1. Given (1) buried (at least 18 other Cβ atoms within 10 Å of the Cβ); (2) modelled with pLDDT under 90; (3) over 25 Å from LEU12 (Cα atoms), where does GLY216 come up short, assuming only one miss?
2. With the requirement that a residue be farther than 20 Å from ILE79 by Cβ and crowded, with 19+ Cβ neighbours inside 10 Å, what does the stretch 96-112 give you?
3. Which residue is surrounded by the fewest Cβ atoms within 10 Å (Cβ to Cβ), if the candidates are limited to the stretch 1-29 and must be small (Gly, Ala, Ser) and modelled with pLDDT of 85 or more?
4. Looking for whichever is surrounded by 15 or more Cβ atoms within 10 Å (Cβ to Cβ), under 18 Å from the mean Cα position of the chain (by Cα) and more than 16 Å from THR94 (Cβ to Cβ) here; the options are ALA115, ALA139, ALA131. Which one fits?
5. Out of all the residues in the stretch 31-45, which are β-branched (Val, Ile, Thr), part of a helix (DSSP H, G or I) and under 18 Å from GLN63 (Cβ atoms)?
6. Give the stretch 199-231 a look and list any residue that's without any contact (Cβ under 8 Å) to a residue 40 or more places away in the chain, assigned to a helix (DSSP H, G or I) and of a type outside the set (A, V, I, L, M), or say none.
7. Helices (runs of 4 or more DSSP H) wholly in the stretch 87-197 with at least 1 residues that are at positive phi - which ones?
8. When you scan the stretch 58-77, how many residues do you find that are surrounded by 10 or more Cβ atoms within 10 Å (Cβ to Cβ) and modelled with pLDDT under 90?
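The values are calculated or read from the model by the stated rules, or taken from the named source; none is laboratory data. Here the structure is a predicted model, which means the values were calculated and not measured. Cβ placement follows ideal geometry from the backbone for every residue including glycine, while neighbour counts extend to all protein chains displayed.
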Amino acid sequence: MSTRLGRTLGDLLRRERELRRLTQQDLAALAGVAQTTVARVENGTRNAPLPLVERLFAAMGRQLTVGVEDLDAHVDRRIAEIAARPLAERLTETDIDQFRRHVDGVSHVFDGPTAALLQGAPVPAPGVHVALLWSEAGAITDWLTRKYARRWMDRWQEYRHIPVDPREPYPHRWQTMAGEIHARMCDELPRSIEVRHGEQHYRVVPLAELEIVDAGAAGLLHRYRQVRRAAGADAVTATDGTQPVAG
């Protein structure tokens, strides 16, 4: 299967699993496979054999159907689905304001899917994505420790109590009392603008300069930029009620 199809099936499998409130380990047990197999299919990073994909869906009482459509139709459909919900509603489902209430003494700029969401882009934005400074690694470690952080381990696809210092060779992703944090460590904070939602101000990487690691969200953002350019929209000006603030 193609890389795009693999990502699409992975996203679909994840949504079906989460709708049933199953963990990857739960689904693995139902399908008689390893948890790492479920994780690989959901990540869409490797071509999964079709019989395996069918087996995973069947374990949830579901089956695949096949059809054809215009190129990018699936992306446009997903964008429309997300954009149909008010931005304020989507923001309440994130950890952004929880992070803002708890963060102290740590320089940061909202980055990735979080920055895209704050500027009105219709992309999923789980957790909080921020750019942080290497020069503040000590302060970040102290802050994470005070917030009872656990660190993500790709090998087990879960958070564990391991060293939280960003200088340690583990993913820069933590679960804390301030929410789930995904960090991009930088020598200098990226150029940013300020956007406002109500009385709250947020420093974000401009939409036109954002890079997103997750392939599914990156595809949505790329398509959203294409549509905006075709419509003659300013790539930095936010939409859906977001008010840019000079800065």
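1. Only one criterion is unmet by GLY216, namely (3).
2. Start the filter on the stretch 96-112 by keeping residues that are farther than 20 Å from ILE79 by Cβ, which leaves 96-111.
Correct list: ILE96, PHE99, HIS108, VAL109, PHE110, ASP111.
3. Initially, the stretch 1-29 is screened for residues small (Gly, Ala, Ser), giving 2, 6, 10, 28-29.
Checking which are modelled with pLDDT of 85 or more leaves us with 10, 28-29.
Working: GLY10: 23, ALA28: 19, ALA29: 14.
Selected residue: ALA29.
4. Numbers: ALA115 fails: more than 16 Å from THR94 (Cβ to Cβ); ALA139 fails: under 18 Å from the mean Cα position of the chain (by Cα).
Only one candidate qualifies: ALA131.
5. From the stretch 31-45, those β-branched (Val, Ile, Thr) are 33, 36-38, 41, 45; that's our starting set.
Narrowing the set further to residues that are part of a helix (DSSP H, G or I) leaves 36-38, 41.
Those that are β-branched (Val, Ile, Thr), part of a helix (DSSP H, G or I) and under 18 Å from GLN63 (Cβ atoms): VAL38, VAL41.
6. Within the stretch 199-231, GLU209, HIS222, ARG225, GLN226, ARG228, ARG229 meet the criteria.
7. Numbers: elements: 87-92, 96-102, 112-118, 137-146.
Here the list reads 112-118.
8. In the first step, residues of the stretch 58-77 are kept if they are surrounded by 10 or more Cβ atoms within 10 Å (Cβ to Cβ); the result is 58-60, 62, 64, 72-77.
With modelled with pLDDT under 90 added as a condition, the list becomes 64, 72-77.
Adding up the residues that qualify gives 7.
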